[in-house]
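Working notes for the structure below.
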Amino acid sequence: MIAGHRGAASLAPENTLAGFKKALQSGAKWIELDTQLSADNTPVIFHDETVDRCTNGKNKVADLTLEQLQALDAGSWFSEEFAGEQIQSLEQTLAFFMANDLSMNLEIKIHHDHQVQPLVDKVAEVLEKMNFPHEKLIISSFSTLALTHCRQIMPTVRLGYITEHEPRTTLVKLKPLNLYSLHIDYKILTEEMAKEITQSGLKLNIWTLNDIQQASKFRAWGVEMIITDKPDLFAQA
């Protein structure tokens, strides 16, 4: 299974509608993306704490309203072809996914712990409002606090823990959350670790693999989902 990373980050500006369309055109059924709150408490699709790298603006996402965020150019930094591309709200993005039968790996992007409860509460509210199908959704996070709050208010949603470290100790602590999946940096995954994870009943997902030559090895190890910047390349394999 292939998931486009932030849409299709090698083909279009990350976390934009253009990127989601590129991933869809490449044949990806899953897309991984990030959400955080704007200043007016709207979940938006954006990775970094500030808009500096991926727009023509400067400031923290949390200090800008949805209107201010959507006035920014989120495409020209990648290529003039994408000039005028807008930052999307979670609600807009869910509508696009539902219209195109796409599945979503939604990362709760926490830059500071105080953001956990307001963000997770708003995400849950929007998911319910849009009636997004749970079978097409995994909510993931590096933040164990975010995953814990997700489980408290969304008891049936599938949760994934993201890590770039050896996960055994944290997975023991998270056992009460009944996690669905582990999302691990492919560079630290070993065959022994993969066997332990899959035998524990967790789905094993890796990020961010862009080398098609390694895909067969990871699939043989039991990896369920490969998150990649190049869904077009992997879809052809």
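Each value in this text was obtained by applying a stated rule to the coordinates, not by laboratory testing. Fair warning: this is a prediction, and the values are worked out from it, not measured in the lab. Positions of Cβ are generated from backbone atoms using ideal geometry, with glycine treated the same way; all protein chains shown enter the neighbour counts.
Things to note:
- Matching residues in segment 171-188 - criterion: being more than 26 Å from residue 136 (Cα to Cα) and either of a type outside the set (Lys, Arg) or buried (at least 17 other Cβ atoms within 10 Å of the Cβ) (or both): 172, 188
- Annotation: of all residues in segment 44-68 being over 13 Å from the mean Cα position of the chain (by Cα) and not in a loop (DSSP other than H, G, I, E, B), the one that is surrounded by the most Cβ atoms within 10 Å (Cβ to Cβ) is 61.
- Residue within segment 177-184 that is under 18 Å from the mean Cα position of the chain (by Cα) and without any contact (Cβ under 8 Å) to a residue 24 or more places away in the chain present: yes
- Selected residue (only one of 131, 100 is among the polar types (S, T, N, Q) and either touching a residue at least 24 places away in the same chain (Cβ under 8 Å) or touching a helix residue (DSSP H, G or I) at 6+ places or on another chain (Cβ under 8 Å) (or both)): 100
- Subset tally (residues that are out of contact with any Pro (no Cβ under 7 Å at 6 or more places or on another chain) and under 25 Å from residue 113 (Cβ atoms)) for segment 10-35: 5
- Check on residue 117, free of Cβ contacts under 8 Å to residues at least 60 places away in the same chain and either closer than 20 Å to residue 7 by Cα or in contact with a His (Cβ under 8 Å, 6 or more places away or on another chain) (or both): yes
- Test: residue in segment 103-126 that is under 18 Å from the mean Cα position of the chain (by Cα), among the basic types (Lys, Arg), farther than 22 Å from residue 224 by Cα and not in a helix (DSSP H, G or I): yes
- Here residue 41 fulfils each of the conditions (1) over 22 Å from residue 130 (Cα atoms); (2) touching a residue at least 40 places away in the same chain (Cβ under 8 Å); (3) part of a loop (DSSP other than H, G, I, E, B) apart from (1).
- For residue 126, the conditions (1) closer than 21 Å to residue 150 by Cα; (2) surrounded by fewer than 19 Cβ atoms within 10 Å (Cβ to Cβ); (3) free of Cβ contacts under 8 Å to residues at least 40 places away in the same chain; (4) not charged (D, E, K, R) all hold with the exception of (3).
- Of the candidates 76, 143, the single residue that is without any contact (Cβ under 8 Å) to a residue 24 or more places away in the chain, surrounded by 15 or more Cβ atoms within 10 Å (Cβ to Cβ) and of a type in the set (Gly, Ala, Ser) is 76.
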